[in-house]
Amino acid sequence: MTKKNSGSNQGVNTRLAHSGYSPRDFHGFVNPPVVHASTVLFPDAQTMETRNQAYTYGTYGTPTTTALNAAMDELEGSAGTVAVPSGLAALVLPFMSALSAGDHMLVVDSIYAPTRNFCNGMLARFGIETSYYDPAIGSGIEDLMRPNTKLVHTEAPGSNTFEMQDIPAIAEVAHANGALVSMDNTWATPLFFKPLDHGVDISIHAATKYPAGHSDVLIGTVSANERAWPALWKTFTMMGNCAAPDDAYATLRGLRTMGVRLERHQKSALTIARALEGLPGVAKVLHPALESFPGHDLWKRDFCGSSGIFSIVLDIADASRHRAKSHAFLDALEIFGLGYSWGGYESLAVPVNLSDRTIALPPKEGPVIRLQIGLEDCQDLLADIERGLAAAAAA
Ligand SMILES: *Cc1c(COP(=O)(O)O)cnc(C)c1O
């Protein structure tokens, strides 16, 4: 699992169990304190004037956020990490950090939809232009680079349809043209892909997902290399958009078990994805670790594992039946919940809307259903999906 990860010689589960915090820093207690704070007191006016102490105000950080951020730095190999109140807030921060009025950004078309919404809805208002590129573009991104292109944003696998990207090739072109590269690394977590080792400058996580892991926390992290860190930190301190102490604590607690949870998510998701391939009613399974998936070679080259979320394309030729049959599928599920987000312990199913796509177009065979495979017993989950397929066939 750690074969392509650089850094510490220790195994990833050892690092997950101990990184970010040393119990001796707080009287030997195994976990860090949850520090609720706005005000931090200074011992005298001179210290206050120079701000010469570790903590100066709650928005800049506390021992709780330091522990989480240090753990993320160790996992990502980054120079610095900040924690913000959601995954979407984490995506926005590097944009605000790297872009100014008159700049241009390139964003992959298989993007998490709210990211597109922010670019088209908010950045456009501030005079920043976004254009979207084919996830399969690789070094061909050279043709899209403009003199004012300051940021290339990537996400692999893509949201809902899981297209892979040639991250090293894209990073090489971006850097040669003076642009930074950011990546939404939520799907892989730093256990299965370390963006900064592959040329990315800023790695972003909806830590809401696997790091927090229990569907009860909203939080995001942004980890930057030496080059991108100073501007990112400056922007973070300007925006006041800091994660709350209990959420930071719960996320560090989630990280401790993320390795064993992910092993289970990975195994169950692959077992189910393989079982679904070729089943009547399933036109395609969109999972990068399947040999049949178009981006599989890139996944195999760069990633050291796969997580628990993938999609199926239902085999429904008659487009006028897509809605009724996908509803029949979803309504027949007894274990899978119908709900957004993923990365928790429980299984979820979502009908996927790809109407925002301009280049990475929806599959033609039928509607797309995204499945988050939780920690339940695999045979129960498979039986549930088969129940859904039978209901879709009968509808
Ligand atoms: C869920 C998700 C986000 C946003 O995270 P929130 O904490 O829900 O705001 C960002 N990127 C990806 C790929 C996601 O799946």
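For the reader, a short list of remarks on this structure follows.
- Residues of segment 239-291 classified as in contact (Cβ under 8 Å) with a residue 24 or more places away in the chain, within 30 Å of A395 (Cα to Cα) and assigned to a helix (DSSP H, G or I), total: 8
- Applying the condition of being β-branched (V, I, T) and open to solvent by less than 10 Å² (accessible area, probe 1.4 Å) to segment 202-216 and asking which residue is farthest from the ligand (Cβ to nearest atom) yields I202.
- Selection count where residues are within 12 Å of the ligand (Cβ to nearest atom), closer than 28 Å to G140 by Cα and part of a strand (DSSP E or B), scope segment 76-112: 1
- Scanning segment 326-342 finds one or more residues that are buried (at least 18 other Cβ atoms within 10 Å of the Cβ), outside the structural domain of V108 (by TED's automatic domain parsing), under 19 Å from the mean Cα position of the chain (by Cα) and not acidic (D, E).
- Residue match in segment 161-174 (condition: touching a residue at least 40 places away in the same chain (Cβ under 8 Å), under 24 Å from A243 (Cα atoms), away from the ligand (no atom under 16 Å from the Cβ) and in a helix (DSSP H, G or I)): no
- Qualifying position, being without any contact (Cβ under 8 Å) to a residue 60 or more places away in the chain and outside any helix (DSSP H, G or I), among V200, V222: V200
- Hits in segment 220-246 - residues which are touching a strand residue (DSSP E or B) at 6+ places or on another chain (Cβ under 8 Å), within 14 Å of the ligand (Cβ to nearest atom) and closer than 14 Å to T62 by Cβ: A243
- Residue check, V35 of a type in the set (V, I, T) and away from the ligand (no atom under 16 Å from the Cβ): yes
- Of the numbered criteria (1) under 30 Å from E291 (Cβ atoms); (2) away from the ligand (no atom under 16 Å from the Cβ), the one G178 fails is (1).
- S19 vs. criteria assigned by TED's automatic domain parsing to the domain that holds Q165, touching an Asp or Glu at 6+ places or on another chain (Cβ under 7 Å) and open to solvent by less than 50 Å² (accessible area, probe 1.4 Å): yes
- Odd one out for A231, checked against (1) assigned to a helix (DSSP H, G or I); (2) within 21 Å of T189 (Cα to Cα); (3) not basic (K, R): (2)
The values are calculated or read from the model by the stated rules, or taken from the named source; none is laboratory data. Just so it is clear, the structure is predicted and the values come from calculations on it, not from any experiment. Virtual Cβ from ideal backbone geometry, glycine too; neighbours counted across all protein chains shown. These accessible areas exclude ligands, DNA and RNA; they are computed on the full protein's heavy atoms, side chains included. Shrake-Rupley method; radii C 1.70, N 1.55, O 1.52, S 1.80 Å.
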